[in-house]
Each structure stands twice: as C-alpha cells, then as structure tokens.
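Scroll down for the structure; my scribbles are underneath it.
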Amino acid sequence: MRLYVVIVMALSAGARAGQGGGILQTIRNGLNSAAATITSPFVTTEMVPYTVDRTVMDADNKTVLYEQRTYPGQKWVCTSKVIDTSEGGSDGIFMRLFRYISGENEQSQTVPMTSPVSMLRVPLSPEITVTEEGEPQSRLTMCFYINKEFQESPPAPSSPDVFLEERPTMTVIANRVGGYMSEDDWQDLAQKLKDDATANGETGVDYSKFYRAGYDSPMKLWNRRNEVWYVKQV
C-alpha cells in the first residue's frame, strides 16, 4: 500500500512539474517531489550539536569505520520502560515523547522535532528482573534532543512517564549505516563498531551498553541515517 501511494503521488507530482523526458523521467521527478511531501511533517530543523575529534578509516583509507565525537552537555526529554532483553521493545514509547513536543506539557508549548532520536538499553539486575519464563529484562530509555530555543528552560512534562534529562559533556565513538533497522541490524552494527574499535586499539570505551541514534522518519525512503554510539572516557 505504501508503495502504491508513493507511485501515485510520484506520477501526480511529476505531471504537475510539467517536465519532459517521458514516463520514466516523470516518475523519477515525481518520486523526488513525493519523498519531500511525505517526509515534510517530520523534517528536522535542528540536530544535536557535536564536534568530530577524530575519524578512523579502513586499511585502504577509503571507507570511514567510525568517528570519535564530543557532544556538549545538553537537555533531552526522555521516557523509559522495562522490556524483555531479547525484544526491540520501543513500541508505544515514541508517542509519549511526540505528545510532549506536540503540546502535552505543563506550558502547552509546542516544541520542534529534532534529531536524532536516541535509545539506550541497560540490562537490569537479574536477581529482581527476570520474568516467569526466565527471560532477563532491561530498561529502555528513548530521548529527543531539546532544540536551542528551549534548551535553557524546556517546558515541564505533564505526563509522569516523561522526564527531562541533562546529559553531561560526552565523548563517543560512532559508526553509521543507512536503510531500515531491525533489532538484529542494531546488534550487528554495534558488534562491528566494537570489533573495529578493538582492532584499532581504542581504550576507555564502555562496551557494556550502546546508544542507538535514528535520524529519520519511517516515511523517509532513502538516504537514511542510523548510528551506534559507545561512550568513551577521555
């Protein structure tokens, strides 16, 4: 159904553009217009700031393996829940944050969407967080970066499930891939970053947990950006 809608939008957009080149060119032009149309409600106007301290390349010096970055201290709005460790588990919690930025906060203030959406999953103590089936559990925390306009004084959450977090300055190593991500894809990307960093002699890296950073709406069809971050002590 999504593909059908995109094709119809593409043909309509291409026809409105009135450009020559036949049906293939019409579809090509239309797809570009359709992509902009369906992602426009989710376009991020601000990304969390960071500086790149170092870039690590492969042996041929052609491909970036990962970057070392520094993120300044910033405020984020977050929510969390306990999940089974084997699950992806993010269903439902995105909307808690989306409602917050849409005005469901103490000031009824709309806050711009930003990127990335970060997720951190931390294993909990097995003595108290094992299900009846013996499944270990983790706490999953999802956060939106608060944009510059509201960094100094973000509106207070009205939901008990949403909270403000002030992250300190943080150094990370980060790698990046495109496409849509499954739980296995995230785990594979994290393992690749760990393997590459270990092979390059990185020290001071906490490999016990990692941030997942997603930059795009599910409606964005190409040029997607997904990252894994491991925190590094410097």
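The values are calculated or read from the model by the stated rules, or taken from the named source; none is laboratory data. It should be emphasised that the depicted structure is a prediction, and the values quoted were computed from it without experimental measurement. In this analysis, Cβ positions are derived from the backbone assuming ideal geometry, glycine residues included, and neighbour counts consider all displayed protein chains.
Just for the range 207-234: of the residues that are among the basic types (Lys, Arg) and surrounded by 18 or more Cβ atoms within 10 Å (Cβ to Cβ), which one is nearest to residue 140 (Cα to Cα)?
Here the answer is 212.
Are any of the residues in the range 129-141 modelled with pLDDT of 95 or more, in the same structural domain as residue 192 (by TED's automatic domain parsing), farther than 21 Å from residue 207 by Cβ and buried (at least 16 other Cβ atoms within 10 Å of the Cβ)?
Looking for residues that are modelled with pLDDT of 95 or more, in the same structural domain as residue 192 (by TED's automatic domain parsing), farther than 21 Å from residue 207 by Cβ and buried (at least 16 other Cβ atoms within 10 Å of the Cβ), one finds none in the range 129-141, hence no.
Looking at 204, 178 in this structure, which one is closer than 12 Å to residue 233 by Cα and either out of contact with any strand residue (DSSP E or B) (no Cβ under 9 Å at 6 or more places or on another chain) or not aliphatic (A, V, I, L, M) (or both)?
That would be 204, the only listed residue that is closer than 12 Å to residue 233 by Cα and either out of contact with any strand residue (DSSP E or B) (no Cβ under 9 Å at 6 or more places or on another chain) or not aliphatic (A, V, I, L, M) (or both).
Go through (1) aliphatic (A, V, I, L, M); (2) crowded, with 16+ Cβ neighbours inside 10 Å; (3) at pLDDT 50 or above for residue 13 and report which single condition fails.
So the condition that residue 13 fails would be (3).
For the subset of the range 176-206 comprising residues that are hydroxyl-bearing (Ser, Thr, Tyr) and over 26 Å from residue 61 (Cβ atoms), which member is surrounded by the most Cβ atoms within 10 Å (Cβ to Cβ)?
Among them, the one singled out is 180.
Would you please list the contacts, defined by Cβ atoms under 6 Å and residues six or more apart or on different chains, that run from a residue in the range 199-211 that is assigned by TED's automatic domain parsing to the domain that holds residue 181 to a residue that is surrounded by 11 or more Cβ atoms within 10 Å (Cβ to Cβ) and hydroxyl-bearing (Ser, Thr, Tyr)?
205/230; 210/230; 211/118
Only one of 24, 31, 97, 120 is among the aliphatic types (A, V, I, L, M), at pLDDT below 95 and surrounded by 11 or more Cβ atoms within 10 Å (Cβ to Cβ); which?
Answer to the selection: 31.
Sort through 118, 80, 102, 108 and tell me the only one that's on the phi > 0 side of the Ramachandran plot and not β-branched (Val, Ile, Thr).
The unique qualifying residue is 108.
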